[in-house]
Each structure stands twice: as structure tokens, then as C-alpha cells.
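Read the structure below first, then the notes.
The values are calculated or read from the model by the stated rules, or taken from the named source; none is laboratory data. As the structure is a computational prediction, the values presented were derived from the model and not from experiment. Neighbour counts are summed over all protein chains in view; Cβ atoms, including those assigned to glycine, are modelled from backbone coordinates with ideal geometry.
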């Protein structure tokens, strides 16, 4: 996708981020009632929640990147860094663009940020029913840390699987990025 660009999220993206999240949740969690999914997306992607996320970007603890194609947001990735460890808080792609490299590009930019913050590894929680998400994370080097699994909002037992990944050193990360994207994108990667 030669017209794909990446940039930091802005307040003007909030509605589209919520739309992408809801569409992704409905796709990944089709076994759950739609009204519960809508309620959870409205909670986790409220204006207040997203505003706090952007404030964390401003103070430098987080990166919240949007993937854009032809001026329209088609995915996003939100990571946060702590002392030596990072967390992937959100990564969703418009379902029309799954398996087209958008998620991998966002993930690599999130990793670039975490490496710049001296994180050696990072983790994310994925619902065990989210096969698309689990497959994506496994393909991208994550492994399950079973002892860190936890319950979700539905109290169905330990359904949130903790997936962890060790981060590459900066040179290996740059090489991996260049293998994924052609030279035309090099300037974008450096700016992101």
C-alpha cells in the first residue's frame, strides 16, 4: 500500500478510532452480545479516555500512532513505556485492511518508541477468543506468559492471555523495518 502513512493521533481522530475499535471488537468477539461490546468500546474509547491517552503522549510516556490511507485513518497503535518494560494498550485495524501489513507497520513503530525508552520487552493482553489477534501476535514474536493471564470484564475466568515479546536492539529493529517497507518509506519511519 504505497499511500499508507503514519502519524501521531489527534483529537480529530477520536470518532474514527472508536469506529475502528468497535468494528474490530465485533469481528474478534462475535460470540459476545453486541450491546456489551458497544458499552465497553464507549467506556475504553470515550473522549475522556482518549484525551488522557493524548496527554500521556504529550508528556512522553506513550506513543499513539494512526495509520492513514488516502487521508482516512485505517488503524491505530497505542503503547506505553515504564521502567524497562512496555505495554501495548491498543492495536486495531479496520477489518478491510487485515493481513495487508498495516498492523505490522504499526507494531514496529510502537516497538521503535519502546526501544527509544529503553524497554527490553513488552506485553499485551488478548482475549483467548480473539483468534485473529492471537495469531497476529504469535506471528510477530509474542509468546504467552500464562502465569500473568487475568480475568476480563465478563468474569468468564482467566480469558485475557498475557502475550510478551522481547525487543530487538535498535539496529536489528531498523533492519526489520527496512525489510518490510521499501526505501520510499524511510523518511516516514525516521519521522515517526
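Residues checked against (1) in contact with a helix residue (DSSP H, G or I) (Cβ under 6 Å, 6 or more places away or on another chain); (2) under 21 Å from residue 164 (Cβ atoms); (3) at pLDDT 95 or above:
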position	(1), (2), (3)
57	no, no, yes
73	yes, no, yes
92	yes, yes, yes
95	yes, no, no
100	no, no, no
124	no, yes, yes
127	no, yes, no
130	yes, yes, no
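Residue under question is residue 148, and the condition is that it be more than 18 Å from residue 112 (Cβ to Cβ), at pLDDT 65 or above, surrounded by fewer than 17 Cβ atoms within 10 Å (Cβ to Cβ) and over 17 Å from the mean Cα position of the chain (by Cα); does it hold? Give the steps one after another, and end with the answer.
Details: more than 18 Å from residue 112 (Cβ to Cβ): yes; at pLDDT 65 or above: yes; surrounded by fewer than 17 Cβ atoms within 10 Å (Cβ to Cβ): yes; over 17 Å from the mean Cα position of the chain (by Cα): yes.
So residue 148 fits the description; yes.
How many residues does the range 84-111 contain that are within 17 Å of residue 168 (Cβ to Cβ) and assigned to a strand (DSSP E or B)?
Qualifying residue count for the region: 3.
Filter the range 42-73 for residues that are part of a helix (DSSP H, G or I) and under 15 Å from the mean Cα position of the chain (by Cα) and give the result.
44, 50, 53, 54, 57
Here is a list of conditions, (1) under 20 Å from residue 114 (Cβ atoms); (2) out of contact with any helix residue (DSSP H, G or I) (no Cβ under 6 Å at 6 or more places or on another chain), and residue 62 meets all of them except one; can you say which number that is?
Of (1) under 20 Å from residue 114 (Cβ atoms); (2) out of contact with any helix residue (DSSP H, G or I) (no Cβ under 6 Å at 6 or more places or on another chain), only one is false for residue 62: (2).
Taking the condition of being loosely packed, with under 15 Cβ neighbours inside 10 Å, part of a helix (DSSP H, G or I) and in contact (Cβ under 8 Å) with a residue 40 or more places away in the chain, how many residues in the range 8-26 meet it?
Number of matching residues: 1.
Is it the case that the range 74-83 has a residue that's part of a loop (DSSP other than H, G, I, E, B), surrounded by 17 or more Cβ atoms within 10 Å (Cβ to Cβ) and in contact with a strand residue (DSSP E or B) (Cβ under 8 Å, 6 or more places away or on another chain)?
Within the range 74-83 (the criterion being part of a loop (DSSP other than H, G, I, E, B), surrounded by 17 or more Cβ atoms within 10 Å (Cβ to Cβ) and in contact with a strand residue (DSSP E or B) (Cβ under 8 Å, 6 or more places away or on another chain)), the answer is no, since none of the residues qualifies.
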